[in-house]
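Only one structure is covered here, and it is reproduced in the block below.
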Amino acid sequence: MNVFKFGGASIYNAAAIKNVTAIIQAHRQEKLLVVASAMGETTNALEQIVFASRSDNDIRQLVEELRGYHFTILRELFPVNHPVYHEFEMLVVKLQNETTQPGDDDQVYDQVVSLGEIMSTVILSHYLNLTLVKTHWIDARGYVKTDSTFREGKIDWEQTREKIQSLGPLLQHQVVLTQGFIGSDARGLTTTLGREGSDFSAAIFASCLKADSVTIWKDVPGVMNADPKRLAQAIVFEELPFKEAAEMTYYGASIIHPKTIRPLANSDIPLYVKSFANPEHTGTVIHRCSIGHLPPLIIFKENQCLISCKVTDYSFITEHQIGIIFQTLSQRNIKINVMQSSAITFSFCVDFQASKILKLIEVLSKDFEVYYNTGLTLITVKNYNQKLFQEYRNKPGVILEQSSRSTLQVLAKS
């Protein structure tokens with residue numbers, strides 16, 4: 001039994017959906033569970049709708065643009081009397097209703113933004129069945145159970161495993177199609193697993209079903225040692241150990257969601273990263289293996305913020321002060337990407353989410369003198385050689401540098 005995951009780029013228009021359908025048709029004899037993301041830039045569009053509604057702005061034009069985008073795809077795939085049109089219209093109504101529901105910003109965000117995956121899988125399910133690929137649509141929220149940490153739901157593995165394992169009989173005779181990125185809490189409210197969390201969803205289903213493999217279909221030929229849009233000489237890895245892939249995601253490599261590797265490695269399930277444009281190419285396999293020498297890996301993480309907390313009483317930074325900072329970060333579910341301590345200052349780099357980070361700075365200012373810089377890029381060079389070490393540490397605009405035996409990190413003005 002195998003799990004396939006298709007991201008937004010693989011189903012962004014009618015031609016792309018037909019291509020994905022062809023890939024699924026080629027594997028229809030296998031037991032197959034398919035996880036799909038929202039189409040194209042739908043998640044970004046839904047975020048705009050949430051933010052506009054929370055600011056009491058008129059969302060009608062934004063909703064109509066989203067509806068029009070999907071209807072263009074529907075008209076190319078289905079006859080005018082197909083029931084998918086009505087189903088989709090009901091989802092648009094639900095979207096509008098959810099923006100007016102009570103709840104804090106993160107709770108409303110999850111109820112609205114999750115609808116992108118529902119929309120895409122309803123369309124894909126109907127098209128697969130139209131093309132005679134027998135497909136059963138399921139709502140991931142009934143199977144992936146989490147706590148109530150909105151926008152970053154934490155998996156209740158015992159409940160989730162029990163529910164997903166009940167899918168065994170369904171997989172015997174049909175493709176099972178579900179959504180990435182979403183789950184639900186004990187109250188039945190929708191939760192999301194973090195941006196780009198569909199990879200993690202695929203790993204959850206695979207580990208609970210004891211799948212033979214997971215394949216993530218991307219718009220690149222496999223896992224590469226750098227972003228080819230930045231570095232033309234980037235190469236594709238044929239294989240990677242689980243540990244190396246996990247470290248890549250920790251440092252910000254966007255090819256795989258950071259939480260994906262652990263459940264697969266613990267269950268010894270190989271992960272394939274392949275191109276949906278060239279499905280016959282081998283791509284990259286991430287599995288339990290040992291590789292003696294890997295080429296340098298270069299990762300760029302944009303939109304970073306450097307925060308420096310300086311003690312105000314001329315004492316030194318101690319474990320007590322660091323504890324205050326870490327507790328404040330933990331309470332707000334903010335992750336550190338790199339940190340550095342001096343005698344009187346503790347500095348750390350985080351992803352910049354304006355409202356979240358400005359509130360963090362406000363709280364930290366009660367105990368420290370706080371300075372911050374935005375618009376930064378964190379560059380990580382793993383398995384560096386001397387040439388790359390010198391090249392990146394001497395880049396203009398570097399405001400923080402850190403190195404170990406195998407890894408160099410520099411934080412620079414973008």
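Under 5 Å between amide hydrogens, built in the peptide plane, is the criterion, and for F4 it picks out L33, V34, V35, T215 among residues at least 5 positions away or on other chains. Would any residue of the range 387-407 have its amide N under 17 Å from a label point 7 Å out along Cα→Cβ of K335? List them or say none. Residues passing the 17 Å test: none. If one takes the longest principal axis of the Cα atoms in the chain, at what angle in degrees, from 0 to 90 and to the nearest 10, does the Cα axis of helix 14-26 lie? Here the helix axis deviates by roughly 80 degrees.
Loop-located trypsin sites (Lys or Arg not before Pro) across the range 335-414 with a Cβ neighbour count of 10 or fewer within 10 Å are K366, R405, with loop assigned by DSSP.
Run down the lysines and flag those whose C-alpha is under 26 Å from the C-alpha of K310, throwing out any fewer than 8 positions away in its chain. Here the lysines satisfying the reach criterion relative to K310 are K301, K335, K356, K359, K366, K413.
To the nearest ten degrees, helix 319-331 and the longest principal axis of the Cα atoms of the chain are 20 degrees apart.
Assuming charge only on the beta carbon of Lys and Arg (+1) and of Asp and Glu (-1), the dipole of the range 2-287 about its Cα centre is about 620 debye to the nearest 20. A DSSP coil position with no more than 14 other Cβ atoms inside 10 Å describes the following chymotrypsin sites (Phe, Trp or Tyr not before Pro) in the range 309-414: Y314, F316. Annotation for the range 6-72: GluC sites (Glu not before Pro) lying in DSSP loop with at most 16 further Cβ atoms inside 10 Å of their Cβ are E30, E41.
Candidate cross-link partners of K210 among the aspartates and glutamates, defined by an alpha-carbon separation under 17 Å and a same-chain spacing of 8 or more, comprise E30, E158, E162, D199, D268. Spin-label model, Q174/T282: points 7 Å from Cα along the beta carbon direction are separated by 3.7 nm.
Rounded to the nearest 10 degrees, the inclination of helix 42-54 to the longest alpha-carbon principal axis of the chain is 70 degrees. Inter-label distance, A186 to N394: 5.9 nm, where each label sits 7 Å from its Cα along the C-beta direction. The spacing between the range 31-75 and the range 123-156, judged by their C-alpha centroids, is 17 Å.
Quick one: net charge around L115, please, counting Lys, Arg +1 and Asp, Glu -1 for every other residue with C-beta under 9 Å from its C-beta. With Lys, Arg at +1 and Asp, Glu at -1, the net is -1. Ellipticity at 222 nm from helices only: DSSP H runs of n ≥ 4 in the chain, each -39500 (n - 2.57), divided by the residue count, give -11500 deg cm²/dmol.
With contacts taken as Cα pairs under 8 Å at a separation of at least 6 residues, the range 297-413 carries a relative contact order of 33 percent. Within the chain, DSSP assigns beta bridges of which about 60% are antiparallel (rounded to the nearest 5).
The separation of the range 195-227 from the range 340-364, counted between C-alpha centres, amounts to 32 Å.
Every number in this text was worked out from the coordinates using simple rules, so none of it is lab data. Given the structure is predicted, the values throughout are model-derived calculations rather than measurements. Neighbour counts run over all protein chains shown; Cβ positions are idealised from the backbone, glycine included.
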